[in-house]
Amino acid sequence: MKELLLEKKGKFILYIIACFIPVLTDLLQIGVLALVFEAVGNQSMDELKFAGFAALGATILGAVLFISSRLMRISYMRDVVLTLRIKAFDKIVNMGYKQFNKRSRDVYVSNLINDVNTFEADFFLSLINVIFRFFMYLAALIILLVINWKIALIIFIVSILVFFISKFYEKRTVRYQKDVSTANEKFTVDVSNVFNGLEILKLNNIEDSFLEKNKKAIKSLEHKKFKFNIFTSFQLYSNFAIGNFVVIGLVIYMIYQLQNGLSYGVMIISIQLSANIIFSLVNLFPLVNKLKASSAIFEKITVPEEVVESNGSKNPFEYNSLININDVSFSYENNKVFKSINFSFEKGKKHIVKGPSGSGKSTLFKLISHVIDDYDGSIDVDGVDLKSVSMSSFNEKVSYVYQDVFLFETTLKENICLYKDYSDDEVLDACKKAGLEDFVASLDEGIYTMISENGKNLSGGERQRISIARALVKKAEIIFVDEATSALNEEFGRQIESTLLSLDATVISISHKYFDGITNKYDIVLEIKDGFIATFKGQDYFDEVLV
Ligand code: ADP
Ligand code: MG
């Protein structure tokens, strides 16, 4: 939190000064009021005239100060909110794959929209007021100390009392604000579910029951917001009651003092200053609590959670010869997928993984790509334990080709580079090797053509080729392919399969299909059956086992 505020020190100092300006204008007004009362008390026309001029001057100065105070604050606030948005976004983008998948995507959307908005609305309003009230308290107390130290002392004792009462409220304020954030997340997830599944809901005539569920989520969200608002207001008003009580007592005391020769001016200035001190405080503490609540939201959306990567030194991923799977067993809760498997992936070779649906082919990929690491046995890369290998270094050198290819709404080039820097030549080269050359040539703007609406005009084969081009442009050493051809027709399937076999990389491909004259060119076949893996030379498997 502190770093966020202090990132631009110059602007922050300006912001603090801007928050102090209203203190000056308020004190000026008190001074003018005291002059008026003093003049009336002394029944002097000259003094009254002077007070009139002073009032006029204070009003003009006040207006100028007000405008400059606003201008001084705006740019700082904009910077902070922008930094917050970037930090919140970075946190999500930099999450490990495993961690990212722990929550629904809509939770992240809610953090980026609802929480940032809550922060923007609450935080600055609280911050400016906290600074303003604090300065006001300090300035007024010092002046009062000079004018009447006894009253200053009483007021100071009252302020300590208000402080302790507010401390008592603090934890709850923070908790209620967090509840609002969680309810926002839940609501966003619910709404998104309805929109994504609207077709199914309508086809089954069950949209009403979902509507009911949504209404409940809205009610719960509003209830949580209501609770937070009521609670902060309650704090404010209970403190206010204390403030009123003290000020009224003071007024009575002062009127009594008038009979003992106290001047009107001093009376007014003492009452005004005391009221300012008390009410600054009364407002200050609930705002501090609200500020703490905003700051908790900030932590929640920007501070990376503890990374679930395994301990130990982080070795770079260096694959020169073999990835060995040694006696690996793995279960999802009660479902034993691998009993004890042993085999190796050979560098540069083309591997095909076979096995019935549900036998664990996709799970095997998850074991090798760090997504699952709670298995028994070990996996090593040329002798280095995979768990000690840094995930980011691993991810730099591998690429995935899935049945579904997600395309972003941007140019073909960005879709291939995935927002990393590659030259046009590198991209064109990857396109060529991935078999996209003719496709690119057919586009008016070549690789700068926009892909719209998740590329709905592209064929399945073209999408797969874009996915292969992604692997090629980043010069992936290992390409994992999970049923890339299962949705393609015979012709496209054959083409993609031969492209994969032609690549200068280690390919590990899951496929059910057999394309005569192509699939038999795989070097190694891994067959998963009943929790075990059998390894075959491609040639032997397709010549003997399969027939
Ligand atoms: P395949 O890719 O060979 O079809 P999977 O590796 O996807 O098989 O799944 C292997 C088994 O593990 C299946 O019985 C599947 O139901 C189960 N499974 C897969 N993913 C999970 C998961 N995240 N949680 C629990 N069980 C899972
Ligand atoms: Mg699968």
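The values are calculated or read from the model by the stated rules, or taken from the named source; none is laboratory data. Computed from a predicted model, the values in this text were never measured in an experiment. Cβ sites come from the backbone with ideal geometry, for glycine too, and all protein chains shown count toward neighbours. Ligands, DNA and RNA are excluded from the accessible area calculation, which covers all protein heavy atoms including side chains. Shrake-Rupley method; radii C 1.70, N 1.55, O 1.52, S 1.80 Å.
If you split all Cα-Cα distances of the chain into 20 Å bins from zero, what percentages do you get per bin, shortest first?
16, 34, 25, 16, 8, 1
What percentage of all Cα-Cα pairs in the range 431-547 are separated by more than 22 Å? It would help to have the intermediate numbers written out before the result.
Values: 2718 of 6786 pairs.
Every Cα pair in the range 431-547 considered, those over 22 Å come to 40 percent.
In the range 467-498, what trypsin sites (Lys or Arg not before Pro) fall in a loop by DSSP, with at most 14 other Cβ atoms inside 10 Å?
Details: sites: ARG470, LYS474, LYS475, ARG494; in loops: LYS474, LYS475.
Passing sites in the range 467-498 are LYS475.
Using bins 10 angstrom wide from zero, how does P(r) for the range 2-302 break down, in % of all Cα pairs?
In whole percents, the pair-distance histogram is 6, 20, 24, 21, 13, 9, 4, 2, 0.
Specify the inter-centroid distance of the range 1-75 and the range 461-493, based on alpha-carbon positions, in whole Å.
After rounding, the separation between the Cα centres reads 68 Å.
Within the accessible area of the chain, what % is carbon and sulfur when the probe is 1.4 Å and the other protein chains stay in place?
With neighbouring chains kept in place, the figure for the chain is 60 percent.
Place a +1 charge on the Cβ of each Lys and Arg in the range 434-547 and a -1 charge on the Cβ of each Asp and Glu, then give the dipole magnitude about the Cα centre in debye, rounded to the nearest 20.
Values: 11 positive and 20 negative charges, 60 e Å.
Taking the Cα centre of the range 434-547 as origin, the dipole is about 280 debye.
Taking all protein chains together and a probe of 1.4 Å, list LYS227, LYS150, LYS102 from the most accessible to the least accessible. Don't skip to the answer; put the middle values down first.
Values: LYS227 80, LYS150 120, LYS102 145 Å².
From most accessible down to least: LYS102, LYS150, LYS227.
On a C-alpha basis, how far is the centre of the range 354-390 from the centre of the range 260-302 in Å? Whole number, if you could?
Answer, in whole Å: 60.
By accessible area of protein heavy atoms, probe 1.4 Å, what ranking do LYS213, LYS349 get, highest first?
Numbers: LYS213 105, LYS349 75 Å².
Sorted descending by solvent-accessible area, the residues read LYS213, LYS349.
Tell me which of TYR264, SER359, ILE528 sits at the most positive position along the dipole axis of the chain, charges placed on C-beta atoms (Lys, Arg +1; Asp, Glu -1).
So the residue furthest toward the plus end is TYR264.
Grab the other residues whose beta carbon is less than 10 angstrom from that of PHE439, score K and R as +1, D and E as -1, and report the net.
Values: positive: ARG465; negative: GLU437, ASP438, GLU462.
Residues near PHE439 contribute -2 overall.
Mind checking the per residue accessible area of the chain for me, 1.4 Å probe, whole number of Å²? List each step's numbers first, then the result.
Working: 29130 Å² over 547 residues.
With all protein chains present, the chain gives 53 Å² per residue.
Over all distinct Cα pairs, what is the inverse of the mean 1/r for the range 175-325, reported as the Kirkwood hydrodynamic radius in Å?
When all Cα pairs of the range 175-325 are included, the Kirkwood radius is 21.7 Å.
Taking the Cα centre of the chain as origin, sum charge times position over the Cβ atoms of Lys and Arg (+1) and Asp and Glu (-1), and report the length of that vector in debye to the nearest 20.
Values: 60 positive and 64 negative charges, 526 e Å.
I would put it at about 2520 debye.
Place the peptides 247-253, 134-140 in order of packing, highest mean first, counting for every residue the other Cβ atoms within 10 Å and averaging per peptide. Walk me through the numbers on the way to the answer.
Details: 247-253: 14.1, 134-140: 20.1.
Sorting 247-253, 134-140 by mean packing, highest first, produces 134-140, 247-253.
Here are some pairs, LYS314/LYS529; LYS91/LYS167; LYS475/LYS521; LYS98/LYS361; LYS219/LYS290; which of them have Cα atoms lying more than 25 Å apart in this structure? Don't skip to the answer; put the middle values down first.
On the way: LYS314/LYS529 34 Å; LYS91/LYS167 32 Å; LYS475/LYS521 22 Å; LYS98/LYS361 18 Å; LYS219/LYS290 23 Å.
Correct reply: LYS314/LYS529; LYS91/LYS167.
In this model, which of LYS87/LYS178; LYS350/LYS413; LYS227/LYS300; LYS186/LYS413 are farther than 25 Å apart at the alpha-carbon? Spell out each step's value before the answer.
Details: LYS87/LYS178 19 Å; LYS350/LYS413 27 Å; LYS227/LYS300 20 Å; LYS186/LYS413 36 Å.
The answer is LYS350/LYS413; LYS186/LYS413.
Compute the convex hull volume of the Cα atoms of the range 322-545, divide it by the residue count, and report the result per residue in Å³ as a whole number.
Details: hull volume 28.4 nm³, N = 224.
Spread over its residues, the Cα hull of the range 322-545 gives 127 Å³ apiece.
Hey, got the dipole for the range 330-391? About the Cα centre, +1 on K and R Cβ, -1 on D and E Cβ, debye to the nearest 20?
Dipole size: approximately 420 debye.
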